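A.B. asks: Below is one structure. I have some questions about it.
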Amino acid sequence: MSMFSTGILVLTSPLHILPLRIAPVLTSAAQVVERTLYVHLHPGLNLGTGGQVRPVYIPPVVDLCTLISRLYSNAADICGHLDVRVLLSNVRAQSTALSGGNSPFPTPQTLSHSPEVVLTDFPIQDSGQSSLVTQCLQKYAGHCYVCNPSLSSVLLYPRLKEVEEDDDRGGRDVQLKPLETFNDVVVGGTFDRLHGAHKTLLNISCLMANRRFVIGVCDQELLKNKVLKELIEPYSQRVEKLQEFLNDVKPSIKYEISPLSDPFGPSISDPELQCIVVSEETRKGGEAVNRRRVENELAELVLYEIQLLKDAHHADIEEEKISSSSLRTRLLGTLLKPPTPQPDLPLDPYVIGLTGGSGSGKSSIAHRLEGFGAVRIDCDQLGHEAYLPGTSAYHKIIQEFDSDILNEDKTINRRVLGGKVFGNKERLKALTDIVWPEIALLVKNRIKQAKEQGTRVCVVDAAVLLEAGWTHLVHEVWVATIPQEEAVKRIVQRDGVKEEDALRRLKSQWPNAKLIEHANVVLCTLWEPDVTQRQVSKAWNLLQQRIQKRPETTRSSL
């Protein structure tokens with residue numbers, strides 16, 4: 001069957017049966033759709049009558065919250081590659097629905113991605129009914145949403161496993177408990193790399209909000225202690241993704257998104273707010289909000305708690321719940337952005353530029369790459385060579401800084417030279433302007449030697465790779481990163497210096513965030529050595545795939 005980028009799944013099974021059917025439905029849908037899957041709920045919809053079927057308002061009930069949570073949880077387990085979004089334009093309390101007209105779709109709703117295929121779980125009685133149901137399904141989808149003109153339709157039921165409908169609540173006569181809704185609802189979070197747990201929180205909040213939904217998005221100070229904080233998406237990008245998702249889910253309510261520089265934001269000062277949606281993990285935060293509201297002489301908010309979604313695929317260093325920190329951890333060793341083309345750089349060997357701050361574990365990563373067959377070019381060692389008597393840099397340094405920097409044997413006393421440039425940016429630049437170009441020439445020579453020896457991959461291990469402007473020497477930039485507090489501990493233990501000296505050294509270097517801005521691949525040595533080894537192994541294997549996938553014209557010139 002053909003694969004479509006975007007699809008819309010119309011679920012027609014009764015609400016009390018749907019949670020049992022979600023897993024096989026999503027499994028089948030994932031064989032048809034490869035990027036975005038919208039989910040439209042219409043329990044009891046009969047597509048087999050041959051008549052014109054119209055969308056109707058569905059009242060918000062408690063079972064819908066359970067269904068939404070189950071759907072996103074199953075999606076994470078079964079089809080994590082899909083961006084699943086549950087649409088709620090046709091879910092509204094009866095009283096509100098009457099005031100807004102009889103149809104939830106006076107005109108078809110425009111989605112951020114136009115559906116190319118519509119799917120359904122509607123059970124057909126025989127194959128002769130398929131054509132009738134298919135036509136009815138397409139008309140129904142077109143009435144609700146703006147779809148691709150060449151919209152296809154797929155009936156999933158023939159490929160679904162039968163689910164016994166022996167529900168102990170009485171089958172079709174099940175009484176569903178209404179869900180309490182509110183005019184104004186508030187939530188807060190980081191919302192980095194929007195995932196199933198975020199979507200559950202947002203969907204249930206939209207379900208409960210009749211008029212306005214306030215979302216506080218963590219920024220600045222609130223991100224300081226996050227795992228791999230440098231990999232958190234920029235605030236503007238997170239907000240943009242939030243807006244797109246919310247406008248798809250329920251465009252009828254007003255959304256207010258604001259940055260959070262403290263844990264409370266508008267939740268403790270907005271008198272119109274009525275409800276805050278929290279998780280098991282953030283319930284205490286919701287209780288703290290209410291204490292502050294009482295202090296501000298405002299009414300307490302209703303706390304509505306949702307369960308955390310379990311992550312069936314979590315690794316040993318990751319959280320058991322679905323979380324952004326786990327997703328960021330999984331980025332380690334992967335290609336974050338395509339390498340910048342280097343037309344003047346020889347294609348053979350393929351050169352990795354590896355950099356990172358003091359204590360980051362950069363050199364240990366370089367040694368691990370050597371274990372996979374790469375040739376390491378140590379720029380610290382080349383730096384020492386650049387200072388040796390008789391080199392071009394040696395004579396230029398003496399000319400610039402005078403002969404009092406020489407030892408008795410005429411070698412350069414690096415400690416005396418360091419004293420002349422320490423704390424003086426101009427003198428330091430004068431030195432690096434002499435030394436860095438010489439080291440770059442030595443790197444080129446080492447790469448040339450590696451090529452002559454038939455080496456396929458070189459690793460340029462250089463702490464100043466980016467500062468020195470050596471990116472033109474490499475095909476990709478890999479960055480080793482570590483939290484500053486951990487780096488300080490390592491430097492103190494390794495070099496026997498005081499904490500303040502270690503911190504001063506780190507502050508003289510590029511910060512992690514600035515290094516990662518230039519990174520194609522990021523690695524982190526925060527955890528046990530075997531975790532680092534798995535990261536490097538993943539990075540190496542993906543690198544081999546990239547090298548193999550280069551165009552034939554590229555490979556033939558190697």
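The values are calculated or read from the model by the stated rules, or taken from the named source; none is laboratory data. Just so we're clear, the structure is a prediction, and the values are computed from it rather than from any experiment. In this analysis, Cβ positions are derived from the backbone assuming ideal geometry, glycine residues included, and neighbour counts consider all displayed protein chains. The protein model used for the area step is the full one, side chains on, heavy atoms only, and it has no ligands, DNA or RNA in it. Shrake-Rupley method; radii C 1.70, N 1.55, O 1.52, S 1.80 Å.
A.B. asks: Where the second residue is open to solvent by 10 Å² or more (accessible area, probe 1.4 Å) and at pLDDT 95 or above and the first is within 24 Å of residue 58 (Cα to Cα) and among the small types (Gly, Ala, Ser) and lies in the stretch 1-13, which pairs have Cβ atoms under 8 Å and are six or more apart or on separate chains?
C.D. replies: 7/116
A.B. asks: Quick test of your reading of the structure: residue 225 fulfils all but one of (1) surrounded by fewer than 17 Cβ atoms within 10 Å (Cβ to Cβ); (2) in a helix (DSSP H, G or I); (3) at pLDDT below 95. Name the failing condition by number.
C.D. replies: (2)
A.B. asks: Residues 212, 238, 283, 193: which one is closer than 29 Å to residue 39 by Cβ, of a type in the set (Lys, Arg) and loosely packed, with under 15 Cβ neighbours inside 10 Å?
C.D. replies: After applying the criteria, what remains is 283.
A.B. asks: Among the residues of the stretch 296-313, how many are more than 22 Å from residue 208 (Cβ to Cβ) and either in contact (Cβ under 8 Å) with a residue 12 or more places away in the chain or open to solvent by less than 40 Å² (accessible area, probe 1.4 Å) (or both)?
C.D. replies: Of the residues in that region, 5 qualify.
A.B. asks: Given the criteria closer than 30 Å to residue 320 by Cβ, in contact with a His (Cβ under 8 Å, 6 or more places away or on another chain) and in contact (Cβ under 8 Å) with a residue 24 or more places away in the chain, does residue 36 qualify?
C.D. replies: So residue 36 passes the test.
A.B. asks: Quick one: would you say residue 291 is open to solvent by 50 Å² or more (accessible area, probe 1.4 Å) and in contact (Cβ under 8 Å) with a residue 12 or more places away in the chain?
C.D. replies: Judged against the criteria, residue 291 is not a match.
A.B. asks: Among the residues of the stretch 9-47, how many are buried (at least 21 other Cβ atoms within 10 Å of the Cβ) and under 24 Å from the mean Cα position of the chain (by Cα)?
C.D. replies: Final tally of qualifying residues: 7.
A.B. asks: Could I ask something else about it? With the condition kept exactly as written, say whether any residue in the stretch 472-481 is out of contact with any Phe, Trp or Tyr (no Cβ under 7 Å at 6 or more places or on another chain), open to solvent by 60 Å² or more (accessible area, probe 1.4 Å) and in contact (Cβ under 8 Å) with a residue 24 or more places away in the chain.
C.D. replies: Yes, there is a match, as at least one residue in the stretch 472-481 is out of contact with any Phe, Trp or Tyr (no Cβ under 7 Å at 6 or more places or on another chain), open to solvent by 60 Å² or more (accessible area, probe 1.4 Å) and in contact (Cβ under 8 Å) with a residue 24 or more places away in the chain.
A.B. asks: Given the residues 193, 212, which is the only one that is farther than 30 Å from residue 487 by Cβ and outside any helix (DSSP H, G or I)?
C.D. replies: Within the list 193, 212, the selection yields 212.
A.B. asks: Please work out which residue is least open to solvent (accessible area, probe 1.4 Å), limiting yourself to the stretch 499-518 and to residues that are touching a residue at least 60 places away in the same chain (Cβ under 8 Å) and of a type in the set (S, T, N, Q).
C.D. replies: Step by step, filter the stretch 499-518, then rank; the result is 512.
A.B. asks: Residues to consider are 66, 96; find the one that is at pLDDT below 90, under 21 Å from residue 207 (Cβ atoms) and assigned to a helix (DSSP H, G or I).
C.D. replies: It is 96.
A.B. asks: A follow-up question, please. Could you list all residues from the stretch 293-330 that are part of a loop (DSSP other than H, G, I, E, B) and within 16 Å of the chain's Cα centre (by Cα)?
C.D. replies: Selection gives 311, 313, 314, 318, 319, 322, 323.
A.B. asks: Looking at the stretch 348-388, which of the residues that are in contact with an Asp or Glu (Cβ under 8 Å, 6 or more places away or on another chain) and of a type in the set (Lys, Arg) is most open to solvent (accessible area, probe 1.4 Å)?
C.D. replies: 376
A.B. asks: So which residues in the stretch 420-437 are over 18 Å from residue 509 (Cα atoms) and either touching a strand residue (DSSP E or B) at 6+ places or on another chain (Cβ under 9 Å) or open to solvent by 40 Å² or more (accessible area, probe 1.4 Å) (or both), if there are any at all?
C.D. replies: If the condition is that a residue be over 18 Å from residue 509 (Cα atoms) and either touching a strand residue (DSSP E or B) at 6+ places or on another chain (Cβ under 9 Å) or open to solvent by 40 Å² or more (accessible area, probe 1.4 Å) (or both), then 420, 437 are the ones that fit.
A.B. asks: Follow-up question, since we're still on this one. Can you work out which of the residues in the stretch 389-419 that are touching a residue at least 12 places away in the same chain (Cβ under 8 Å), within 22 Å of residue 441 (Cβ to Cβ) and open to solvent by 60 Å² or more (accessible area, probe 1.4 Å) is farthest from the chain's Cα centre (by Cα)?
C.D. replies: Per the stated criteria, the residue is 389.
A.B. asks: Return the pairs, sorted by first residue and then second, in which the second residue is open to solvent by 30 Å² or more (accessible area, probe 1.4 Å) and outside any loop (DSSP other than H, G, I, E, B), the first residue lies in the stretch 314-339 and is among the acidic types (Asp, Glu), the beta carbons are less than 7 Å apart, and the residues are 6+ apart or on different chains.
C.D. replies: Every condition considered, the pairs that remain are 320/310.
Results for (1) over 23 Å from residue 377 (Cα atoms); (2) assigned to a helix (DSSP H, G or I); (3) of a type outside the set (Gly, Ala, Ser), shown as yes or no for each residue.
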site: 467; (1), (2), (3): no, no, yes
site: 501; (1), (2), (3): yes, yes, yes
site: 505; (1), (2), (3): yes, yes, yes
site: 513; (1), (2), (3): yes, yes, no
site: 523; (1), (2), (3): no, no, yes
